[in-house]
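Just so you know, all these numbers are worked out from the coordinates, no wet-lab data involved. Source: prediction; values computed, not measured. Ideal geometry is used to build each Cβ from the backbone, glycine not excepted, and the neighbour counts take in all protein chains shown.
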Amino acid sequence: MAVAIGNKSFRNVWSKAIPYLLILPVVVYYALFWVRPVLKTVFESFRDTAGQFTLQNYAMVFSDPDFIPAVRNTAIIVVFSVTLEFLAALFLAILINRKFVGSSFFLFVAMVPMALPAVAVGAMWLTGLTAHGWLNSLLFYLGVSKKIYWLAGSEWALLAIIIIIDAWQVIPSVMIILLAGLQNIPVEAEEAGYVFGGNFITVLRKITIPMLQSTIQTAVILRLISAIQIWLIMVLLMGFNRLPVLVERIVYYHEEVPGLDISFQMASGYTIIVSVIVSIAALLYLKVSGAFGGNQEARQ
Amino acid sequence: MATLTMQDVTKQFGRKVIAVKEFNLEVQDQEFLVLLGPSGCGKTTAMRMVAGLEEVTNGRILIGDRDVTDLPPRNRNVSMIFQNYAVWPHMTVFDNIGFALKLKKMPKDEIEKTVKEVAGMTNIDMLLERYPSQLSGGQQQRVAVARAIAVYPEIFLMDEPLSNLDAKLRVSMRTELKAIHDKTEATTVFVTHDQSEAMSMADRIVIMKDGEVIQVGSPDDVYHRSASIFVADFIGTPPTNFLEVDVKSENGDYRLVNPHVDFKPESHISESLRDYDKKNLILGIRPENIVLTNQKDAVLSAECLVSEPQGSHQVVAIQLDQQYIKVIASAQPKINPGETVHLAFKQDTLRLFDPETTLAIGD
Amino acid sequence: MIKKKPTSLAKIIKSTIFYLFVTTLGVGILLPAFFLVSLSFLSTREAYQFPLPLLPALSAKYSLTFGDRGYLLSVYDDFDDEYQTVLDTAELEKMSVYMRSQIGAPYDIPDIEDRIAELESGTDPVYFKARKNLLLNYDLFFKVTRDAVPALIRSLQIAGMTIVISLSIGGMAGYAFARYVFIGRDALKFSVLFVRMFPGVAIALPMVIILANMGFYDQPIGLSLVYSVGSIALTVWITASIFMGIPESLEEAAQVFGATKFQAFLKITFPLALPGLAAAAMYAFLGAWNETVSAIILTQFNPTFAVVVYQTLLGAVGHVNLAAAGGLAMAIPSVIFTFFIRRYINQMWGGVTV
Ligand SMILES: Nc1ncnc2c1ncn2[C@@H]1O[C@H](COP(=O)(O)OP(=O)(O)OP(=O)(O)O)[C@@H](O)[C@H]1O
Ligand SMILES: [Mg+2]
């Protein structure tokens, strides 16, 4: 309805452009340092060693005897570790949010695993899980003199160990996100729940968790993305090939089989497949949890 | 010191929401003008456009004879008290008040002098070293006031500055703000949706509804000469009573008739009834303008439904069909529910509204 | 005087149980880390005992007697409560080296000669004590490991640059997402997250050539560019919620009182967001400091500290204690960083208390 006159329309355009200008650096940065390597990988994954277009790489990935086990192992780890980590982190966050004397120190204690570098964690568990390691020593002091051969167990035992070890390190970062979210919930909301006759569990289920929904989404999505990409701790503890998972395959083909010409192509193929799987999983989660649409708007 | 003029100012958010619509207003130099209206009627938006925090979709804003429509806030020489105070939590009271002066590169000793002076005016001179989190709500509000005075603005904008205070503090702050206005003589626009605040403070009141100006006038004007049903209903507690009446002419005289009342209004009203013969009108009468009388003089007789004693007076409610009529009567004698009351209207206070336009007739 | 209601017994019991529980939980969380710390102070001999000692010994008790090949050196074993023979040699040099590197309780050759003199003069066996050098592993790690110190400095540089890059670039975008409503906002915010879905290792491989072309291969700046990819995404999300937690009216007030938009940000929003930004910096720091794999791929002669530790770990098959010391040396900066930033954590995902 307003007739825009020269100067004003310029100001209008300018103020509309500000958010885009603020985002521009990220876009440029990603164009330079993300899109390029990704495109290159995509490109490589469709090329043979002579540089011709081929689907051979994917065929090889799918016929890799370790492919199916890798997908299966990854799926198991993701399902169990995300669930376990989320529940444990929620529990810890609620505990720390009670603001007891010393809760700030306890927060620090709970954050220590997060601060430890992967290699340090690798060293820690490697020395713990060997037959003469500290875990068996601890059991010995507690009266169990039979040595347990932790890393010699079945695949299922190894998966369980990996899930627990991973949880130990990752729970803090999930917890922190949830804790911050919890602190944003006004005390009155929960108190009202109690006043109107709720007990701890109903207040948690009907008030706290629904109000925490977008925080939970953020925490779980970040965790989901990185859980699918787990590999380093496994290689540190068990070496390659013992318990194949998806990203381990990428590194394996790139780092450990350099003699083969096709290793880089195999690695690229695996990379693309992993990214597709991660993206689908993430989108699926976001869809199911209702992050698109209504809720997100309601937050603003 | 300056006048503030808004010409045809319109603000549209997105495609659908028109928050302020062709707003025209002239605020006199040194005037204390109150914007009054129900929640969501566009008061804050109007004020933010004056401050430059919101771009206008159309129209012009002038301070004095400067066109400030396209100036950024800092060049308008206005200051503002925000609805939620917006005192900066990481600065001491002193720094909060001195912020604008520092930006103006005022010398240090002068800043200190000014800050002390306005802090004295607002009674917070002992709190200068504290942070906002160490202050009570009322004290934070004073900081917001002091910060706004310190710049000696041409236009002083206040967005519901008292709405977060308790009832008692609110009343005393009213007096203080008025006193400060008298001292600084800054042209002031004060936003509120509390009508008693508006009535007690304003030189003139602007009544807004759905982004539009409905009436501009002195507190007496809007109260006694409400321009529309909306204003008559919005201003006053309890609000104006409304009765649907038919106009009937009887040998040159006009009567107002409905199943409960049938009377001949005084001559000054009769004049305006000429155009409404045989038509339908809305009669508005304020509760304090209905008086208890004897059966003979009564215009209206009905049973008392409830009576609420208020100390100095009582509010008597009667029911006519689906409608309640409220009457303010003196505290004695006490009227009990079920008792029949005989009522008469103070004729000179009657307002008549056209049901189609909802506007008052006869002005 | 305010009279307090006496605390009821039930309450005392309840809070005791609560604290017992919290303490147990804390101990459980720290237990693995505790063993890592303890291990890093153990001598090589201690590290290969079973069961492992819970704490390193502060001194070693030696006994010396005649042996088949010269002199028989024994060390007292706390757990078995007896002396165990560890060495039978006539070479004092060898004996001293063994005492220093394996037992971790050094004893100089002249002193050994004195003890032997005692043995020869009839005291058999000769008992003596030596203080343990607890920092031996750390000492060794930094001396033996190829350029551990320059690698440490490089890692700090990389972490620093990553923080700067991701906070400036990511922070700007976070501010836009928090303060402006614009077309494509939600889609853009999610696509920022999408970047993290492509495995980090897989970015590193093609980056070798890209960085080489830019002259950044095997340079700290090259690695921080790669690390920033992941941490910008996280920073955008974190800072967006920080800025959302700071009322916009504070900024507007500054504008009314004479500040430009930029001044208002700098003087009001930025200081208020600082604690939260510090926490975002922690994530960037931890990400860059702890990352190993891309660093292996993208460095050659200038490895990062994580790479050095990783290689020690691979090479230290016979020296778990050395690897533990390396791992801990690496963990210390990040634990300290975490300790100081912990108190700001509350503000990270929004909710600046005003
Ligand atoms: N940024 C915005 N985007 C879209 N609509 C808006 C925006 N700001 C205000 N509005 C709408 O404009 C109308 C006027 O809002 P405004 O804040 O001016 O009301 P108000 O009179 O100050 O109300 P209150 O007394 O509750 O403070 C409302 O309907 C509101 O929903
Ligand atoms: Mg408002």
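See the values below:
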{"item": "Rounded to whole Hz, the Karplus (6.51, -1.76, 1.60) HN-Hα couplings of the stretch B:3-13, x for glycine and proline", "result": "8, 10, 10, 10, 10, 6, 6, 10, 10, 10, 9"}
{"item": "Under 14 Å from residue A:16, Cα to Cα: aspartates and glutamates that are on another chain or at least 8 residues apart", "result": "B:54, B:55"}
{"item": "Residue-averaged [θ]222 nm for chain A, counting only DSSP H segments that reach four residues, each worth -39500 (n - 2.57)", "result": "-22500 deg cm²/dmol"}
{"item": "Magnitude of the charge dipole, the protein assembly as shown, Cβ model with Lys/Arg +1 and Asp/Glu -1, debye to 20", "result": "400 debye"}
{"item": "Cα-based radius of gyration of the stretch B:291-363 once divided by 2.2 N^0.38 Å, which approximates compact folds", "result": "1.25"}
{"item": "Debye log10 I(q)/I(0) for chain A, one point scatterer per Cα, at q = 0.15 Å⁻¹", "result": "-1.27"}
{"item": "Centroid-to-centroid separation of the stretch C:226-240 and the stretch B:210-231 [C-alpha atoms, Å]", "result": "55 Å"}
{"item": "From phi via Karplus (6.51, -1.76, 1.60), per-residue ³J(HN,Hα) for the stretch C:64-72 in Hz, x at Gly/Pro", "result": "10, 9, 7, x, 5, 9, x, 10, 9"}
{"item": "Rg/Rg_ref, chain B, where Rg_ref = 2.2 N^0.38 Å and atoms are Cα", "result": "1.20"}
{"item": "Proportion of all alpha-carbon pairs of the stretch B:156-282 beyond 20 Å (%)", "result": "58 percent"}
{"item": "GNM flexibility winner over chain A from A:17, A:219, A:70 (Cα, springs under 10 Å)", "result": "A:17"}
{"item": "Normalised contact order of chain C, rounded percent, pairs of Cα under 8 Å and 6 or more residues apart", "result": "20 percent"}
{"item": "Inter-probe distance in nm under a simple model that places probes 7 Å from Cα toward Cβ, at residue C:135 and residue A:144", "result": "3.8 nm"}
{"item": "Inter-site label distance for residue C:88 and residue C:266 at 7 Å from Cα along Cβ, in nm", "result": "8.0 nm"}
{"item": "From phi via Karplus (6.51, -1.76, 1.60), per-residue ³J(HN,Hα) for the stretch A:175-187 in Hz, x at Gly/Pro", "result": "4, 4, 4, 5, 4, 4, x, 4, 5, 7, 7, x, 4"}
{"item": "Partner lysines for residue B:113 [C-alpha distance under 27 Å; skip if fewer than 8 residues away on the same chain]", "result": "B:102, B:104, B:105, B:178, B:183, C:267"}
{"item": "Long-range amide H partners of residue B:320 with built H, under 5 Å", "result": "B:325"}
{"item": "R0 of 25 Å, Cβ-Cβ distance residue B:172-residue A:187: FRET efficiency to nearest 0.05", "result": "0.20"}
{"item": "For the stretch C:1-60 and the stretch C:79-146, distance of Cα centres in Å", "result": "33 Å"}
{"item": "Alpha-carbon Debye profile of the stretch A:125-180, log10 I(q)/I(0) at 0.13, 0.25, 0.27, 0.29 Å⁻¹", "result": "-0.44, -0.97, -1.04, -1.10"}
{"item": "Protection-proxy order for peptides B:342-350, B:214-222, each taking the mean of Cβ atoms within 10 Å per residue, highest first", "result": "B:214-222, B:342-350"}
{"item": "For peptides A:225-232, B:173-180, sequence by mean Cβ density within 10 Å, most packed first", "result": "A:225-232, B:173-180"}
{"item": "Lysine pairs meeting the criterion (Cα under 24 Å, 8 or more apart or interchain), as found in the stretch B:241-353", "result": "18"}
{"item": "Cut-off under 5 Å, modelled amide H: who pairs with residue B:306 long-range", "result": "B:317"}
{"item": "Of the DSSP H helices in chain C, those whose Cα atoms cover at least 18 Å axially and whose Kyte score averages 1.6 or more", "result": "C:9-41, C:148-165, C:200-214, C:320-341"}
{"item": "Distribution of pairwise C-alpha distances over chain C, 10 Å bins, in %", "result": "5, 17, 19, 18, 16, 12, 7, 4, 1, 0"}
{"item": "Principal axis dimensions, largest first and in whole angstrom, of the stretch C:57-133 by Cα", "result": "30, 23, 19"}
{"item": "The stretch B:280-296-the stretch B:13-61 distance, computed between alpha-carbon centres (Å)", "result": "37 Å"}
{"item": "Convex hull volume of the stretch C:141-348 per residue (C-alpha atoms, cubic angstrom)", "result": "139 Å³"}
{"item": "Per-selection Kirkwood Rh - the stretch B:241-353 (Cα, Å, 1 d.p.)", "result": "14.7 Å"}
{"item": "Amide H contacts of residue B:22 (H built 1.01 Å from N, under 5 Å, at least 5 apart or other chain)", "result": "B:10, B:11"}
{"item": "Chain B, relative contact order in percent, only Cα pairs under 8 angstrom and at least six apart counted", "result": "15 percent"}
{"item": "Reciprocal mean inverse distance between Cα atoms of the protein assembly as shown - Kirkwood radius, Å", "result": "35.2 Å"}
